[in-house]
Amino acid sequence: MTLRVYNTLTRQKEDFKPKQPGKVGMYVCGPTVYKPSHIGHMVGPVIFDTVKRYLTYLGYQVTWVVNITDVDDKLIVRSKELNTTVKQLAEQMTADYLDCLKQLNVTGIDLMPKATEHIPQMIEIMQGLIDKGYAYPAGGDVYFDVTRDEDYGKLCNRDPEQLEAGARIEVSAKKRSPGDFALWKGSKPGEPAWDSPWGPGRPGWHIECSAMSMKYLGQTLDIHGGGLDLQFPHHENELAQSESYTGQPFANYWMHNGLLKMGQAKMAGSVGNVVNIADLLQRHSAETVRFLLLNTHYRSPIEYSEERLAEVKRSLDSFHRFFERFARITGQNFLALPVRKSDELKLSGPLQESVSPLQRRFLECMDDDFNTGGAVGVLFELLTVLNRFADTAKLEAEKTEPALTEFINGVLVLRSFSEILGLFWQAQAQEAGGNTQLVNGLMQLLIDLRAEIRTEAKGVADKAQKGKLFALTDKIRARLAELGVTLEDRPGGTGWRLG
RNA sequence: GGCCCCUUAGCCAAGUGGUAAGGCAGUGGAUUGCAAAUCCGCCAUCCCCGGUUCGAAUCCGGGAGGGGCCUCCA
């Protein structure tokens, strides 16, 4: 099997081949840290985290870099509004971003360089571009000259002439052509500024990504990722300046993730329909959110709504019920199981016949341009197979070998796959919370009393009497249901859960 | 005006030439004292029209509807 990746540059799926065998350098555009993160900001990180997880699973050594843009016009404006400094605002919002990543189980980022800490590298590139005639200083600014770059527009299929024709932007008088973009912006008094050969100023939007990606991953990246909305102008300009500077291909594979949709429109600060992550995580578990993002193919828009989240939560619940069932049968915690590669797991017996095709299909999905939506579907099928096996083998009642070992091996496959997707890393809130010693004790009391009545009822011959006793046990269950507690009479005894 | 993309059941969503994964909801059954949970079954011919092909949701042309980018945006 070969991993295939859709490359925006060529608009087709290509076999994935890193420039250095066994190693992958991946760069993904990170946030401008001027406001708390909204859920749209997490689409890219969750997807590329999964990309890294799968590449790692395949045996690649992946280095993943995400930049932090900590100087920019928006930061300057916002810091004035809040009566704070750009630096302080950036630090606060960076902390917020990092917290969001952590909560969503985005664990794969190796480096998060900051723009303000790489000014010298940017100046070096700008000077090089000026020396080669690709850029020109003008009144304290430095601009990239798009007319000098012969293949400018190749990523987004844009023609500088057309840009000119359709330009709605106010063209700065300093620019030679309307499509030229700023590499360096001369500063006004009171704005953050760094010294440069062209006077005090700050970097333009695109140059930092070229400087930092090259510093940490070399002149040619294997994968460059980002949101679809960054294709133009950001990635186009990054590409233009980088390749003009090095004469080398900047990125071999450009991957763009779809945007989050609220109803018909995308979610974005500019549309004003953003959902804060901190707020969101008050209402839904991080796992539900991550699952929602992975349920759709990464290049498609993702449907976001409270109803969708509730729906996704319901489907996820069946996994957690299974984890509890697994614990009942084996005494082991699913979340603590060791992660092993699926093809290293030796399955045998009847379970193998149902699991093997699923193993194959899961990996085929991931190989096909990281089709997490399809892979998730396989995960559900695996769940059904495992439940069916536990039913058929009567594992809860008998726990006989070799069925038990077979079962555990099957569950290890589920564990392996959920690790690739980064799912199921924490107990559900209701499992962790609520179950205090007192509550557990009280519940056990009710369950025991009810069990006694049930046993008695079953032994009573008189129909009226029997009905009376059962009515009582049902009343206990109904009253608990009103409190949000569900009783489950299983073969091995009665259990309870919230919800 | 230019450049991209999308349209699959009530809803969400895989599938890009060989006869429609999965989830939610619904529904019939097994199981249960009754439930819950679990399992089994049912539930779409793929926006419309035309073409290519032995064969198309999948390719081509036209139409309708929707979205993204061209300005900051993950």
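The values are calculated or read from the model by the stated rules, or taken from the named source; none is laboratory data. Predicted model, so just to flag it, every value in this text is computed and none were measured. Counting neighbours? That spans all protein chains shown, and the Cβs are built from the backbone with ideal geometry, glycine included. Heavy atoms of the whole protein, side chains included, go into the accessibility calculation; ligands, DNA and RNA do not. Shrake-Rupley method; radii C 1.70, N 1.55, O 1.52, S 1.80 Å.
Can you compute 3J(HN,Hα) from phi for each residue in the stretch A:272-286, using the Karplus curve 6.51 cos²θ - 1.76 cosθ + 1.60 with θ = phi - 60°, rounded to whole Hz and x for Gly and Pro?
Those phi angles translate into x, 10, 7, 10, 4, 5, 4, 5, 4, 6, 6, 9, 9, 6, 4 Hz.
What do you get for the angle between helix A:207-217 and the principal long axis of chain A? Use alpha-carbon atoms, 0 to 90 degrees, nearest ten.
Roughly 60 degrees between the two axes.
Mind pulling the angle between the C-alpha long axis of helix A:403-421 and the longest principal axis of chain A? Nearest 10 degrees, somewhere in 0 to 90.
20
With a Cα-only, solvent-free Debye model of chain A, what are the log10 I(q)/I(0) values at q = 0.08 Å⁻¹?
-0.61
Return one quarter of the surface area of the convex hull spanned by the alpha-carbon atoms of the stretch A:1-40, equal to its mean projected area, in nm².
Convex hull of Cα atoms, orientation-averaged projection: 5.0 nm².
Quick one: dipole size for chain A, taken about the Cα centre, charges +1 on Lys/Arg Cβ and -1 on Asp/Glu Cβ, in debye to the nearest 20.
It comes to approximately 1300 debye.
State the answer as a single residue: which of A:Q426, A:T400, A:V413 lies farthest towards the positive end of the charge dipole of the stretch A:305-428, with beta carbon charges of +1 for Lys and Arg and -1 for Asp and Glu, about the Cα centre.
It is A:T400.
Calculate how steeply helix A:43-57 sits against the longest principal axis of the alpha-carbon atoms of chain A, using the helix alpha-carbon long axis, and give the answer as 0 to 90 degrees to the nearest 10.
70
Ignoring ligands and nucleic acids, what accessible area does A:V274 show with a 1.4 Å probe (Å², nearest 10)?
Surface open to solvent at A:V274 totals about 60 Å².
For the stretch A:73-187, rounded, prolate or oblate, judged on the Cα gyration tensor with a ≥ b ≥ c (square roots of eigenvalues), a/c < 1.5 rounded, else prolate if a/b > b/c?
It comes out prolate by the Cα gyration axes.
Which Cα, out of A:M93, A:G492, A:A375, lies furthest along the positive dipole direction of chain A (beta carbon charges, K/R +1, D/E -1)?
Result: A:G492.
Leaving ligands and nucleic acids out of the surface, order A:E406, A:E452, A:E311, A:E150 by accessible area at 1.4 Å, largest first.
So the residues, ranked largest to smallest area, are A:E150, A:E452, A:E311, A:E406.
In vacuo Debye scattering of the stretch A:4-257, one point per C-alpha: log10 I(q)/I(0) at q = 0.13 Å⁻¹?
For the stretch A:4-257, the Cα-only Debye profile gives -0.85.
Apply the Karplus parameterisation 6.51 cos²θ - 1.76 cosθ + 1.60, with θ equal to phi minus 60°, to every residue of the stretch A:21-30 and state each ³J(HN,Hα) to the nearest whole Hz, in sequence, with x for glycine and proline.
Result, rounded to whole Hz: x, x, 10, 10, x, 10, 10, 10, 5, x.
Just to confirm my numbers, what's the Cα centroid distance between the stretch A:1-39 and the stretch A:229-260 in Å?
11
Just to check I understand the Karplus step: with θ = phi - 60° and J = 6.51 cos²θ - 1.76 cosθ + 1.60, what whole-Hz values come out for the stretch A:480-490, glycine and proline as x?
5, 4, 4, 8, x, 10, 9, 9, 10, 8, 9
Tell me the accessible surface of A:R4 in square angstrom (1.4 angstrom probe, heavy atoms of protein chains only), to the nearest ten.
Solvent-accessible area, nearest 10 Å²: 90 Å².
Just to be sure I understand: if I project the alpha-carbon convex hull of the stretch A:192-289 onto a plane and average over all orientations, what area do I get in nm²? Kindly include the intermediate steps, with their values, before the conclusion.
Details: hull surface 37.9 nm².
Taking the Cα atoms of the stretch A:192-289, their convex hull projects to 9.5 nm² on average.
Would you mind pulling out the separation of the Cα centroids of the stretch A:381-405 and the stretch A:280-328, in Å?
25
I need two numbers for the stretch A:434-498: Rg to one decimal and Dmax as a whole number, Cα atoms only, in Å.
12.6, 40
Would you please give the residues with an amide H less than 5 Å from that of A:V275, counting only those at least 5 places away or on a separate chain, with H modeled from the backbone geometry?
A:I39, A:G40
Out of residues 5 or more away from A:V33 or on other chains, whose amide H comes under 5 Å of its own, with H placed 1.01 Å from N in the peptide plane?
Counting only residues 5 or more places away or on other chains, the set is A:T69.
Taking the Cα centre of the stretch A:434-498 as origin, work out the dipole magnitude from +1 charges on Lys and Arg Cβ and -1 charges on Asp and Glu Cβ, in debye rounded to 20.
On the way: 11 positive and 8 negative charges, 35 e Å.
About 160 debye.
Hey, if you put +1 on the Cβ of every Lys and Arg and -1 on every Asp and Glu Cβ in chain A, which of A:P113, A:G186, A:Q352 ends up farthest toward the positive end of that dipole?
Going by the Cα projections, it comes out as A:Q352.
Work out, in µm²/s and without decimals, the Stokes-Einstein translational diffusion coefficient of the stretch A:369-482 at 25 °C, 0.890 mPa s, Rh from Kirkwood over C-alpha pairs. Before the final figure, lay out the partial values.
Working: Rh = 18.2 Å.
Diffusion coefficient, whole number: 134 µm²/s.
Taking a ≥ b ≥ c as the square roots of the Cα gyration tensor eigenvalues, with a/c under 1.5 meaning rounded and otherwise prolate when a/b beats b/c, else oblate, which class fits the stretch A:305-428? Walk me through the numbers before you get to the answer.
Values: a/c = 1.81, a/b = 1.25, b/c = 1.45.
The shape class here is oblate.
Please list the non-local residues whose amide H lies under 5 Å from the amide H of A:L221, H modeled 1.01 Å from N, same-chain partners needing a gap of 5 or more.
For A:L221, the qualifying residues are A:A251, A:N252.
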